[in-house]
Amino acid sequence: MVGRKPYMVGHQEFAALYRVQAPMVSQWLSPSRGALDPGTATVVSGVRYWPLGFACRYGTLTPRQKQLDEGVKARLMAEQGEGWLADLGDELPPMVGQHEIIQAFHLPSQGTLATKIAADGFPRADWFLSGSRLWLLATVLDAVPELRARARSVVWEPDEHVVKALREGTYDGPGSQVLTRGRHARYPR
């Protein structure tokens, strides 16, 4: 499994597996429904993602079983390339999105990273899920020498404290939590 990425899904892909609209996954996560435990997801850049193995098994865990679309599963695996079928979040290698990368390199703005990505000056994303790019932390760190060589103004020096927290699963910076929206949101008093 070393060097290979696990197959993953976001809200849109999770919904497609069960032939429902993406907002239904949010309803499954709703405290009033309690059908899908939010703790089963990994949060990257403020968004929930699940290992494909868990998402496929989810339909058998509900009181009213849901039918998995095997064709969607096969398509997702083909789109993601060579990988492995993870089931639990603790099996996952460290993953990062734009929020974590900005913190790890102390980039001055999200625009700096977005420009680098748009100009093909950043490693190709390991996943493109539900409209977001995600990378294995190792993919980003392996690219540091090339990023430095092509840099004009950014130093591309990883903050070892942030990298260590990402590796250990203790990162609590920007993007590490999902902000609940809608009627179940809890606002600070």
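A few remarks follow.
- Entry remark, segment 90-115: residues being small (Gly, Ala, Ser) and touching an Asp or Glu at 6+ places or on another chain (Cβ under 7 Å) number 1 in total.
- Condition met for Ala35 (in contact (Cβ under 8 Å) with a residue 24 or more places away in the chain, out of contact with any strand residue (DSSP E or B) (no Cβ under 6 Å at 6 or more places or on another chain), open to solvent by 20 Å² or more (accessible area, probe 1.4 Å) and aliphatic (A, V, I, L, M)): yes
- Of the residues making up segment 136-154, not a single one is within 21 Å of Tyr7 (Cα to Cα), open to solvent by 90 Å² or more (accessible area, probe 1.4 Å), outside any loop (DSSP other than H, G, I, E, B) and in contact (Cβ under 8 Å) with a residue 24 or more places away in the chain.
- Annotation: of all residues in segment 122-132 being free of Cβ contacts under 8 Å to residues at least 60 places away in the same chain and surrounded by 13 or more Cβ atoms within 10 Å (Cβ to Cβ), the one that is farthest from Tyr7 (Cα to Cα) is Phe122.
Results for (1) more than 25 Å from Ala15 (Cα to Cα); (2) basic (Lys, Arg); (3) under 13 Å from the mean Cα position of the chain (by Cα); (4) at pLDDT 95 or above, shown as yes or no for each residue.
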position: Ala55; (1), (2), (3), (4): no, no, no, no
position: Tyr58; (1), (2), (3), (4): no, no, no, no
position: Val72; (1), (2), (3), (4): no, no, no, yes
position: Leu88; (1), (2), (3), (4): no, no, no, no
position: Asp120; (1), (2), (3), (4): yes, no, no, no
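- Selection count, segment 48-77, where residues are part of a helix (DSSP H, G or I) and either hydroxyl-bearing (Ser, Thr, Tyr) or open to solvent by 80 Å² or more (accessible area, probe 1.4 Å) (or both): 6
- The residues in segment 107-121 that are touching a helix residue (DSSP H, G or I) at 6+ places or on another chain (Cβ under 7 Å) and open to solvent by 20 Å² or more (accessible area, probe 1.4 Å) can be counted, and the count is 1.
The values are calculated or read from the model by the stated rules, or taken from the named source; none is laboratory data. Remember, predicted model here, so these are calculated numbers, not experimental data. Don't worry about glycine lacking a Cβ; one is built from the backbone with ideal geometry, like all the others, and counts go over all protein chains shown. Just the protein is used for accessible areas: all its heavy atoms, side chains included, with ligands, DNA and RNA removed. Shrake-Rupley method; radii C 1.70, N 1.55, O 1.52, S 1.80 Å.
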